[in-house]
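The structure appears right after this line, and notes come after that.
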Amino acid sequence: MMQIPCIHCGLRDENEFVCGGTSHIARPGLEQSDTSWGDYLFFRDNPKGLHLERWRHAYGCGQWFNLARNTHTHDILSVYAMTDSPPP
Amino acid sequence: MKYSAWSLLRGALSAHRHWPVAWRDANPKPRYDVIIVGGGGHGLATAYYLAKNHRVTNVAVIERGWIGGGNTGRNTTIVRSNYLYPESARLYDFSLQLYEGLSQALNFNIMLSQRGLVLLAHSRHDLDAMSRWANAMRMNGIAAELLTREEVGALAPALDLSPRARLPVLGGFAQRRAGTARHDAVAWGYARAASALGVDIVQNCEVVDFIKESGRVVGVNTNRGRIRAERVGIAAAGHSSVLAKQAGFRLPVTSYALQAMVSEPVKPLLDTVILSPGTGAYVSQSDKGEIVMGAMLDLFPSYAQRGSFAVTQAIIAATLALFPSFSRLNLMRQWAGIVDVVHDSSPIIGPTPLANLYINCGWGTGGFKAIPVGGWTFAHVLATGHSHPLAEPFQLERFITGRLIDEAAASGIAH
């Protein structure tokens, strides 16, 4: 089981959390084409390796935060706040 | 060599030393008409139907590991066609029909056992939803039968049927033609039949990138050298996005681990497949006697073929709520496959943004049941350049046009 470092509560078991998918996806303007909107809604990098993703500590503080996690090894590389920009 | 009672008898008289290898483990040639990337059930079935239905035999199936070692060897072997929408019903029922004739067609016993699939209703709302679901199936010409609580109990006496059960069983519905098939036999049956028709099956051959000339794909670079082809098809399930990235485009796919597990073998006690959409749990007993359990996805992106203990625990808890008597069984094996989940839980079978490159993916948690139809329709588009009528609704464009076939809800899959 993964141990996830909640930004507020510290290290907790994975089953206290829900994953909200990829972070930092910019919403297109309403005037944008169907292709841009389809891309925004459905198409993902889905990388094998480093993935920046949102998690919520559902059975803890209830807060959202970001993780930089490796999808192949499940290693967590960094944790940062929702409003922070992605790590370099 | 054709397998038959006669060849078995001959084997008995010659100490079984006359059996040839089932299929040729080929070295890659420099050029093919069609290359299929991915030697799972879908890739092997595609190669077989290319050779059989379209007479395209200069074909290679290239596989990173060994054939049938990915999701084809990591599922719960259930075959069924209990879908809601007409497009899906047609597709999956054709698959089940092909499964019904597959042992004969391939001359390889895939051990299809049409032991039926029973879906459990745990509430009045479940009963209503299942009436709608069963009726939709009948409208699509697929037999479905609503069951009372007593009828469910007669089919699976080991279920906890008491009204005070954690998940009381109020009724359900059955698809009698559903069942299980032997996963290795499906992979090897297709491999053997394709190989006999001249297809090269190349193992330990990993694609590192796609060769492009003026925007068209003309082959692949692999760890075993450069292979050129007129057309390239990807059938790589959970690794579809990795290959798409090498080719230079993205897919509407997220990869998740889907796990399953088996108990130690016990005497026959469950001769149907039980599915509880409320918990996501599906339970059957293998021919070896193991209780086979599966349920929900590990709901975070993953390429690790192991599955999280948190979900292992949830699957076992859901199974024991249905079958309390299983609580003293020892767990023997647990595994996970990386599945390619798309937003509407329906597949993608057709062209990609790159000319000459085609893809068969998006089967998500239900790829095994679709192996025959995935191969049949993918072979059609690879051979002719046009989508098979069954696959026309299942194109990549639907994620731009919004014409989704949202089986995520319709088939009652909990994930």
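In a residue-by-residue description of the range B:312-328, the property of being surrounded by fewer than 20 Cβ atoms within 10 Å (Cβ to Cβ), free of Cβ contacts under 8 Å to residues at least 24 places away in the same chain, farther than 27 Å from B:A174 by Cα and more than 14 Å from chain A (Cβ to nearest Cβ) applies to at least one position. The condition of being open to solvent by 30 Å² or more (accessible area, probe 1.4 Å) and either touching a residue at least 24 places away in the same chain (Cβ under 8 Å) or closer than 21 Å to B:V186 by Cβ (or both) does not hold for B:V79.
Inside the range B:161-181, residues that are among the basic types (K, R) and farther than 30 Å from B:E100 by Cβ make up a count of 2.
The residues of the range B:342-375 that are open to solvent by 10 Å² or more (accessible area, probe 1.4 Å), closer than 30 Å to B:E213 by Cβ and either within 16 Å of the chain's Cα centre (by Cα) or not polar (S, T, N, Q) (or both), listed by number, are B:P351, B:P353, B:L354, B:A355, B:Y358.
Working only within the range A:1-19, note down all residues that are in contact with a Lys or Arg (Cβ under 9 Å, 6 or more places away or on another chain) and buried (at least 17 other Cβ atoms within 10 Å of the Cβ). If you could, list the steps in order and put the result at the bottom.
We begin by selecting, within the range A:1-19, every residue in contact with a Lys or Arg (Cβ under 9 Å, 6 or more places away or on another chain); these are A:2-6, A:17-19.
The answer is A:M2, A:I4, A:C6, A:F17, A:C19.
Of all residues in the range B:283-303, those satisfying the criterion of being within 14 Å of chain A (Cβ to nearest Cβ) and in a loop (DSSP other than H, G, I, E, B) are B:L299, B:F300, B:P301, B:S302, B:Y303. Evaluation of B:F249 against the conditions (1) farther than 28 Å from A:Q3 by Cβ; (2) of a type in the set (A, V, I, L, M, F, W, C); (3) open to solvent by less than 10 Å² (accessible area, probe 1.4 Å) shows that the sole unmet condition is (3).
Among residues of the range B:136-191 being part of a strand (DSSP E or B) and among the hydroxyl-bearing types (S, T, Y), the one that is farthest from the chain's Cα centre (by Cα) is B:T148. The set of residues from the range B:358-381 being touching a helix residue (DSSP H, G or I) at 6+ places or on another chain (Cβ under 6 Å), closer than 19 Å to B:V220 by Cβ and aliphatic (A, V, I, L, M) comprises just one member, B:A379.
Yes or no, residue by residue, for (1) within 30 Å of B:E206 (Cβ to Cβ); (2) out of contact with any strand residue (DSSP E or B) (no Cβ under 8 Å at 6 or more places or on another chain); (3) at pLDDT 95 or above:
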site: B:H18; (1), (2), (3): no, yes, no
site: B:W23; (1), (2), (3): yes, no, yes
site: B:T72; (1), (2), (3): yes, yes, yes
site: B:Y85; (1), (2), (3): no, yes, no
site: B:Y92; (1), (2), (3): no, yes, yes
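For B:D287, the stated conditions do not hold, so it cannot be described as among the charged types (D, E, K, R), surrounded by 16 or more Cβ atoms within 10 Å (Cβ to Cβ) and more than 30 Å from B:L50 (Cα to Cα).
Taking only the range B:136-163 into account, find how many residues are polar (S, T, N, Q) and open to solvent by 70 Å² or more (accessible area, probe 1.4 Å).
Residues of the range B:136-163 that are polar (S, T, N, Q), as a first pass: B:140, B:148, B:162.
Now restrict to residues that are open to solvent by 70 Å² or more (accessible area, probe 1.4 Å): none.
The qualifying residues number 0.
Just the residues that are more than 16 Å from the chain's Cα centre (by Cα) and not polar (S, T, N, Q), please, taken from the range A:35-49.
Of the range A:35-49, the ones more than 16 Å from the chain's Cα centre (by Cα) are A:35-39.
Those that are more than 16 Å from the chain's Cα centre (by Cα) and not polar (S, T, N, Q): A:W37, A:G38, A:D39.
Quick grid of which residues meet (1) assigned to a helix (DSSP H, G or I); (2) under 19 Å from B:F394 (Cα atoms):
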residue	(1), (2)
B:G69	no, no
B:N75	no, no
B:S88	yes, yes
B:Y92	yes, yes
B:Q97	yes, no
B:F108	no, no
B:M111	no, no
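Give me the pairs: first residue in the range B:188-212 and on the phi > 0 side of the Ramachandran plot, second residue open to solvent by less than 10 Å² (accessible area, probe 1.4 Å), beta-carbon distance under 9 Å, and six or more apart or on different chains, which are they? Pairs that qualify, where the first residue is on the phi > 0 side of the Ramachandran plot and the partner is open to solvent by less than 10 Å² (accessible area, probe 1.4 Å), are B:G198/B:A51; B:G198/B:V59.
Among what's in the range B:47-67 and is assigned to a loop (DSSP other than H, G, I, E, B) and aliphatic (A, V, I, L, M), pick the residue that is farthest from B:A196 (Cα to Cα). Going through the qualifying residues, I end up with B:I67. Scan the range A:44-88 for residues that are open to solvent by 20 Å² or more (accessible area, probe 1.4 Å), over 16 Å from A:C6 (Cβ atoms), within 14 Å of another protein chain (Cβ to nearest Cβ) and part of a loop (DSSP other than H, G, I, E, B) and the total you get is 7.
The values are calculated or read from the model by the stated rules, or taken from the named source; none is laboratory data. Just so you know, these numbers come straight off a predicted model, no measurement behind them. Note: ideal-geometry Cβ built from the backbone for every residue, glycine included; neighbour counts use all protein chains shown. Side chains included, ligands, DNA and RNA excluded: accessible areas come from the protein's heavy atoms. Shrake-Rupley method; radii C 1.70, N 1.55, O 1.52, S 1.80 Å.
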